[in-house]
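Undergrad: Provided herewith is a single structure, encoded as structure tokens, for subsequent inquiry.
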Amino acid sequence: MSTYLLVHGAWHSGQCWERVVPLLTAAGHRVLAPSLTGHGDKAHLLGPEVGLDTQVDDVVGLITEEDLTEVVLVGHSYGGLVVSSAANRVPDRIAQLLYLDAMVPEDGESAADVLPVTQVLIDLAVRSGSGWRVPPLPELPPPGGLFGVTDPADIAWLRATLSDQSVLCLQQPVRLDNPAANAIPRTHIHCVGSEPEGFERRPVPATQPNGTPAQVWELEAGHDCMITVPGELAELLLKLG
């Protein structure tokens with residue numbers, strides 16, 4: 001039995017995994033899909049002081065409180081920053097880091113460093129009435145949809161689960177200064193076929209930090225693959241985990 005800890009991306013909540021969790025559980029694994037501070041059942045806690053470090057604390061706290069070991073730590077999108085920093089803090093508890101269409105940072109980088117277009121969102125938030133709220137991205141014309149979700153019913157459901165992000169989440173840098181974390185195997189899953197026009201993904205280095213060849217898989221799906229192709233995603237997670 002493996003323990004999967006699924007970490008959602010910006011604006012989302014743990015609800016985004018609800019089609020995947022039963023599939024992994026049915027295969028005999030333990031699955032946790034928490035909402036980070038400021039989202040889902042913790043949306044009322046959102047404030048300008050909530051940052052990347054806050055959400056890393058969420059994940060590390062859950063791992064230690066539940067005494068989780070041999071964790072398959074999955075980060076989607078912005079969640080790649082969260083799982084990277086979390087693994088840096090408790091590397092002995094992580095069996096594998098899995099980046100799902102995710103930001104993959106180097107030490108000291110923020111979301112804006114990994115994905116420069118994020119700076120536009122930061123600038124808009126700073127100039128807004130609140131000075132710190134970053135609203136969810138808007139729905140794009142097909143095939144972009146809402147985070148790659150194009151079915152009208154799914155879009156309506158997803159939109160109801162989204163909440164604003166604090167600008168500090170996109171500004172705070174990751175801390176990747178623990179050499180022990182380099183030994184953790186990494187796997188990358190890229191969602192392909194529906195990328196927005198002009199989107200450029202940061203290349204995955206040919207060699208992992210532990211010295212083994214990079215592991216990169218592709219999934220034919222939009223960005224929120226856990227909503228649009230949960231079966232295919234669960235199958236891949238089971239194969240990799």
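The values are calculated or read from the model by the stated rules, or taken from the named source; none is laboratory data. Quick caveat, the model's predicted, so the values are computed rather than measured. In this analysis, Cβ positions are derived from the backbone assuming ideal geometry, glycine residues included, and neighbour counts consider all displayed protein chains. Side chains are part of the model used for accessible areas, which takes the heavy atoms of the whole protein and leaves out ligands, DNA and RNA. Shrake-Rupley method; radii C 1.70, N 1.55, O 1.52, S 1.80 Å.
Undergrad: Anything in region 23-45 that is part of a loop (DSSP other than H, G, I, E, B) and in contact with a Phe, Trp or Tyr (Cβ under 7 Å, 6 or more places away or on another chain)? List them, or say none.
TA: His29, Ala33
Undergrad: Also, I was wondering about something else. Select from region 51-83 the residues that are among the hydrophobic types (A, V, I, L, M, F, W, C) and outside any helix (DSSP H, G or I) and list them in ascending order.
TA: Leu68, Val71, Val72, Leu73, Val74
Undergrad: If you take just the helices (runs of 4 or more DSSP H) that sit entirely in region 131-241, which of them hold at least 2 residues that are more than 17 Å from Ser77 (Cα to Cα) and more than 18 Å from the chain's Cα centre (by Cα)?
TA: 152-161, 230-240
For every residue, the table says whether it meets (1) polar (S, T, N, Q); (2) more than 16 Å from the chain's Cα centre (by Cα); (3) closer than 20 Å to Ser163 by Cβ.
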| site | (1), (2), (3) |
| --- | --- |
| Ser35 | yes, no, yes |
| Gly47 | no, yes, yes |
| Leu52 | no, no, yes |
| Val56 | no, no, yes |
| Gly61 | no, yes, no |
| Val71 | no, no, no |
| Val82 | no, no, yes |
| Ser85 | yes, no, no |
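Undergrad: So Pro48 clears everything in (1) outside any helix (DSSP H, G or I); (2) in contact (Cβ under 8 Å) with a residue 60 or more places away in the chain; (3) under 23 Å from Ile94 (Cα atoms) except one condition, right? Which one?
TA: Only one criterion is unmet by Pro48, namely (3).
Undergrad: Let me ask you something else. Please enumerate the residues belonging to region 126-149 that are under 17 Å from Gln55 (Cβ atoms) and open to solvent by less than 80 Å² (accessible area, probe 1.4 Å).
TA: The answer is Trp132, Val134, Pro136.
Here is a yes/no grid of residues against (1) farther than 15 Å from Met103 by Cβ; (2) of a type in the set (A, V, I, L, M, F, W, C); (3) surrounded by 13 or more Cβ atoms within 10 Å (Cβ to Cβ); (4) in contact with a Phe, Trp or Tyr (Cβ under 7 Å, 6 or more places away or on another chain):
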site	(1), (2), (3), (4)
Leu170	no, yes, yes, no
Val174	no, yes, yes, no
Pro179	yes, no, no, no
Asn182	yes, no, yes, no
Pro185	yes, no, yes, no
Ile189	no, yes, yes, yes
Gly193	yes, no, no, no
Arg201	no, no, yes, no
Ala206	yes, yes, no, no
